[in-house]
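Encoded as structure tokens, the structure appears first; notes follow it.
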Amino acid sequence: MRDVRFGGLTTSVSAGTSFFDEKLNREIEEGRITKGTVDRYSIIVMAGIASEGMCYERAEGGASDEEALVQFLRSINPEKGGAREFDIERVKEQARLGVGNAAKLLKEHEGSWRALIEVMKKGGDLGDCIIAIEGEGKI
């Protein structure tokens, strides 16, 4: 998808999440995705699952998030960079790391996370969510 709001950059869209990340797009185009980028993407994609698990002690949703992560990891061509391929065990390991790191970040930023939960419960739009996270206003 191309979006003029973000300089016409192409982005991958999945699970209702759009990634307007110049670094990710550049690395994909160059065929050299770094471990840091993989880790960052994994945390972002798995954060909803982590949040749901922390709130309800189980995560019923998230199948599309898991599928987005699997597709992303399996699409990485290791031959260009000499890395190992993401087989199913490595995908599971990366997903666990993503969920664990997302949970850690949510706990570290619990105030923003709780504010976001409240806005989402009230059906807030994206702008409301951003304001809640940044702590610049009350809904």
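A short reminder: the numbers here are calculations on the coordinates, not readings from a lab. In this text, all values refer to a predicted model and were calculated from it rather than measured experimentally. Counting neighbours? That spans all protein chains shown, and the Cβs are built from the backbone with ideal geometry, glycine included.
Descriptive notes on the structure:
- Residues in the range 32-58 reached by a label modelled at Ile117 [backbone nitrogen below 13 Å; 7 Å Cα→Cβ]: 50-58
- Nearby aspartates and glutamates by direct alpha-carbon distance to Lys92 (threshold 17 angstrom, same-chain neighbours under 8 apart not counted): Asp39, Asp65, Glu66, Glu67
- Length available on full extension from Tyr56 to His109: 0.36 nm per residue minus the Cα-Cα distance, which gives 17.3 nm.
- Ascending count of other beta-carbon atoms within 10 Å, so fewest first, for Leu116, Leu69, Leu105, Leu126: Leu126, Leu105, Leu116, Leu69
- Relative protection proxy for 90-96, 39-45, from highest mean packing down: 39-45, 90-96 (other beta-carbon atoms within 10 angstrom).
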